[in-house]
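The values are calculated or read from the model by the stated rules, or taken from the named source; none is laboratory data. Treat the numbers as computed from the prediction; the structure is a model and nothing was measured. Cβ placement follows ideal geometry from the backbone for every residue including glycine, while neighbour counts extend to all protein chains displayed. SASA here: full protein model, heavy atoms, side chains in, ligands and nucleic acids out. Shrake-Rupley method; radii C 1.70, N 1.55, O 1.52, S 1.80 Å.
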Amino acid sequence: MKRTIISTLAMLCLALSSLSAQNHQCNCRGQVIDQNTQQPIPYAVVEVNGTYQYTDEKGQFELSGHEMPMQLCASQMGYGKAHKEMTSCSQTMVFLALPPKPLELSTITVEGDRGASTPLSTVVQDNAQLVSQPVDIGDLLREQPGFGLIKRGGYALDPVFRSFKAEQLNIIYDGGVQVVHACPGRMDPISTHVNPSEIKALEIVKGPFSVRHGQTMGGVVNIVTDDQAPAPGWGGFAEVGYESNGDSRLTQAGLEYSTGIADFSVSGGWKDFGNYQSGDGTTIPSAFRAYDYSLSAGLSPNANQRLQASWRQSFGRDILHAGLMMDTDSDDASVFSLDYKVQNLSPKLYGLTAKAYGSQVDHVMSNARRPNFMMVEAVATVQSQTLGGKVEANWLPGAKSILYTGLDYRRISRSGERVRTIKRHMMTGEPLPQPMVSTDPIWQDAYINDVGAYAEYRLLISDRLSWNSGLRLDWVNANSNAPAPGFTEQYGLLDAQNDLNLSLNSSLHAQLSDEWSLQLAIGRGTRSANMIERYIYHFNVGVDPFEYLGNPNLKPEANHQAELSVRCEGERWQAGGNVFYSLLTDYITAAVDSTLPRKYMPMSEPRFARRFTNIDRAMQAGFEWDAAYRFNDQLSVYTLGAYTHAHNQDWDEPLAQVTPLEGSLGIKYQRGRWWADLRSRFVAEQNRVSPTFGETTTPGFQTYDLRMGAEVLPGLNLGFSVLNILDANYYEHLSWAYRNMPEQGILYEPGRNFALLLKYNF
């Protein structure tokens, strides 16, 4: 009995002790939320009694095991702090609400009306209703203010931003992956190697205001595919499309599955586009066929880590390029990338990301479909390889600042040659007794290495003022492993060329009121000469008929840019505009050299070749605008447009290939599951042309497009459009004239075109 009493007392003491401990320890969870929207804030910093932790993707964190009383403090970039003192734990969930403090980060996500954009950087989500499938990524950029497209056929639309083109515009995808074209005539730019259906967003940085994506002179276009883990279970899409003008067809589909920890996805597509007709009924040689597929697999062991591997291949066949001397027989590209990211490493080191990638493009072009095939048969087989990687650390020096530091590397190498079989005498046209075979070097087995180091810092100075700055240093090394004898005659024995390039920027963003904001940015972006500019050997790569010769001694060119933007937003309206000025030093262009005779067909005009060279100064200045007004929940109007004035100050003439003043005006109606969008586009005459490069005045024009769509069933969307309703006969200033064709002509745009796109998501 005595032992029983003692045991009972002991158990009571133990129970009381346990209850006492429970009263002094918390056994619950917490969540950080937005004070206005009540939505969770992921990856916020939470201080609990002097120890730190991060919230997960749902904004939640652990409180179990902490002694009472408990002092809580939560913070996150773009928000103020929230404090809370707990003396007891009577709740299962403790909430900390942070007041928003707007902070301008590198991008702003814009959904719905594309007219809404931030002048210095923007993200255009590809989730707007589609009624026709873009030919390639260039089509997605066509309607963005400041962009134009160099058109050499119906495929491979090469973006131009303001006066920047080719490698002056840094086009990548998923934050660093690059696929470098193999064709010297740019029949295969990066825009052709990623299927538009894979794209979740386009990040556009308008100028040298980012240092995190490699050498950036004129701007960045970051093509974003989905690197996030899909929702658990099965998902996918399927779509079919048709366009009447060209009898063009496409089919695409994708499938994904996730367990929550492991996931995979697969997608593929097929396009068969025919020759289209211009507004006056002329058939434009523009047909092509393209196929592609992609595979990806990911592993997310917890909320803070993700590893993803991706593999893509694209195949182009029988692609007509009326604006070039030859057509594409085949173009095969393979791309592999491996990405790893980890977050919440410590209160100061927020996360690490690492990327490795490689790509190869095999390109074959010939003149088999061209008039001069009877005289000479030409087949060029060229390859390009790209290898690269990137490591970036994200630091949190303070509650209102973030620091990105990183290293990246990229190696580009190209090889290939053209084989000409001369079948007839060039002067008399008589058949030769024995055809002559000649092999012409193109890339001279050249390579370029780029090693970069950068830091970008962002600081929230106050509730209404933020500051961003960046610094980047690039070491660029280039050489040719097999220079042609004629090339060494011009430049002697080649040594590796080394450049050390400095790029930097700084910007301030001020929220002047609830409606008005102001942003001022200045920057210097530097770019070393690309492989065409350094090593091309008597090949036609320009808008004119000249042969071009590279120059391995080119100095890096630099863009010194200032940009001012203003935005205002009301309850029913929004508007924005920006003005910019760029001083371009050591600008790379090509001048006719009277000491450099034409190498191939030397009796043909022009008799001399162009040599790439630096000029001291060029400039560009201009403006862009956008505005929208919503009458009610269904009806809205919008406008956007751009103008760029660019001048070669050394030669006292306009820079070549710059789009004229243009603008758009549209009205959109949306009700329930259906919508309609009527847009007009107005383009002014371009009379600021470069006589040195053979440009002529391009007449202005206007077009009207009607797009409509509906969600006919849950997940099933039908899009219909009438493009160029009035069947206008027009061409863009950047479109090239016919070359080596039975008759002379210009690449006119398609006339009236009916398009249908049916897409199902599940």
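Report, by residue number, each residue of segment 268-291 that is within 29 Å of the chain's Cα centre (by Cα), among the hydroxyl-bearing types (Ser, Thr, Tyr) and surrounded by 21 or more Cβ atoms within 10 Å (Cβ to Cβ). Even if it seems obvious, please write down each step before you answer.
Taking segment 268-291 and keeping what is within 29 Å of the chain's Cα centre (by Cα), we get 268-276, 284-291.
Subsequent filtering for residues that are among the hydroxyl-bearing types (Ser, Thr, Tyr) retains 276, 286, 291.
Hits for segment 268-291 are TYR276, SER286.
Residues that are open to solvent by 70 Å² or more (accessible area, probe 1.4 Å) and aromatic (Phe, Trp, Tyr): find the strands (runs of 3 or more DSSP E) completely inside segment 568-653 holding 3 or more of those.
Because the criterion is at least 3 residues that are open to solvent by 70 Å² or more (accessible area, probe 1.4 Å) and aromatic (Phe, Trp, Tyr), the strands (runs of 3 or more DSSP E) in segment 568-653 that meet it are 608-630.
Of all strands (runs of 3 or more DSSP E) completely enclosed by segment 172-259, which ones contain at least 3 residues that are of a type outside the set (A, V, I, L, M)?
Hits in segment 172-259: 219-225, 233-243, 248-258.
Taking the stated definitions as given, is PHE754 surrounded by fewer than 15 Cβ atoms within 10 Å (Cβ to Cβ) and touching a residue at least 24 places away in the same chain (Cβ under 8 Å)?
So PHE754 fits the description; yes.
Of all the residues that make up segment 322-341, how many are over 24 Å from the mean Cα position of the chain (by Cα) and either of a type in the set (D, E, K, R) or buried (at least 16 other Cβ atoms within 10 Å of the Cβ) (or both)?
So the answer is 8.
I'd like the full set of residues that are crowded, with 23+ Cβ neighbours inside 10 Å, touching a residue at least 40 places away in the same chain (Cβ under 8 Å) and closer than 16 Å to ILE223 by Cβ, limited to segment 148-166.
ALA156, PRO159, PHE161
For segment 135-144, give me the residue count where each residue is under 15 Å from the mean Cα position of the chain (by Cα) and part of a loop (DSSP other than H, G, I, E, B).
Count: 4.
Sort out which residues of segment 31-85 are modelled with pLDDT under 75, assigned to a loop (DSSP other than H, G, I, E, B) and either of a type in the set (D, E, K, R) or over 27 Å from SER466 (Cα atoms) (or both), and write them in order of number.
Once the filter is applied, which keeps residues that are modelled with pLDDT under 75, assigned to a loop (DSSP other than H, G, I, E, B) and either of a type in the set (D, E, K, R) or over 27 Å from SER466 (Cα atoms) (or both), segment 31-85 yields GLY50, ASP56, GLU57, LYS58, SER64, GLY65, HIS66.
For GLN133, only one of the following conditions fails: (1) modelled with pLDDT of 60 or more; (2) open to solvent by 40 Å² or more (accessible area, probe 1.4 Å). What is its number?
So GLN133 meets the others, but not (2).
Filter segment 354-390 for residues that are among the aliphatic types (A, V, I, L, M), more than 29 Å from LEU338 (Cα to Cα) and touching a residue at least 60 places away in the same chain (Cβ under 8 Å) and give the result.
MET365, ALA380
Testing GLN561 on (1) in a strand (DSSP E or B); (2) modelled with pLDDT of 95 or more; (3) touching a helix residue (DSSP H, G or I) at 6+ places or on another chain (Cβ under 9 Å); (4) open to solvent by less than 20 Å² (accessible area, probe 1.4 Å), one condition comes back false. Which one is that?
Only one criterion is unmet by GLN561, namely (3).
Going by the conditions given, is MET436 assigned to a strand (DSSP E or B), open to solvent by 30 Å² or more (accessible area, probe 1.4 Å) and over 30 Å from LEU471 (Cβ atoms)?
When the stated conditions are applied, MET436 passes them.
What is the residue count in segment 480-498 for residues that are at positive phi and under 35 Å from the mean Cα position of the chain (by Cα)?
Final tally of qualifying residues: 0.
Would you please list the contacts, defined by Cβ atoms under 6 Å and residues six or more apart or on different chains, that run from a residue in segment 649-675 that is under 30 Å from GLY542 (Cα atoms) to a residue that is crowded, with 19+ Cβ neighbours inside 10 Å and of a type in the set (Ser, Thr, Tyr)?
GLU653/SER690; PRO654/SER690; LEU655/SER163; ALA656/SER690; VAL658/SER163; VAL658/THR644; LEU661/TYR643
Among residues belonging to segment 507-533 that are charged (D, E, K, R) and under 30 Å from ILE442 (Cα atoms), point out the one that is surrounded by the most Cβ atoms within 10 Å (Cβ to Cβ).
Residues of segment 507-533 charged (D, E, K, R): 514-515, 524, 527, 533.
With under 30 Å from ILE442 (Cα atoms) added as a condition, the list becomes 527, 533.
Details: ARG527: 27, GLU533: 23.
Only one residue tops the list, namely ARG527.
Is it fair to say GLY416 is open to solvent by less than 80 Å² (accessible area, probe 1.4 Å), in contact with a strand residue (DSSP E or B) (Cβ under 9 Å, 6 or more places away or on another chain), under 29 Å from ARG524 (Cβ atoms) and part of a strand (DSSP E or B)? Full working, then the answer.
Working: open to solvent by less than 80 Å² (accessible area, probe 1.4 Å): yes; in contact with a strand residue (DSSP E or B) (Cβ under 9 Å, 6 or more places away or on another chain): yes; under 29 Å from ARG524 (Cβ atoms): no; part of a strand (DSSP E or B): yes.
No; evaluated as a whole, the condition is false for this residue.
Looking at TYR731, TYR760, TYR748, TYR704 in this structure, which one is under 30 Å from ARG688 (Cβ atoms), open to solvent by 30 Å² or more (accessible area, probe 1.4 Å) and in a strand (DSSP E or B)?
Just a single option satisfies the conditions, and that option is TYR704.
Give the residues of segment 292-316 that are hydroxyl-bearing (Ser, Thr, Tyr) and either crowded, with 21+ Cβ neighbours inside 10 Å or under 23 Å from ALA156 (Cβ atoms) (or both), sorted by residue number.
TYR293, SER294, SER296, SER310, SER314
Where residues in segment 503-544 are out of contact with any Phe, Trp or Tyr (no Cβ under 8 Å at 6 or more places or on another chain) and among the polar types (S, T, N, Q), which of them is nearest to TYR600 (Cα to Cα)?
Top of the filtered list is ASN530.
How many residues does segment 465-506 hold that are assigned to a loop (DSSP other than H, G, I, E, B) and loosely packed, with under 15 Cβ neighbours inside 10 Å?
Here the count works out to 6.
Go through the residues of segment 441-455 one by one and say whether even a single one is over 30 Å from ILE536 (Cα atoms), open to solvent by less than 70 Å² (accessible area, probe 1.4 Å) and in a strand (DSSP E or B).
Yes.
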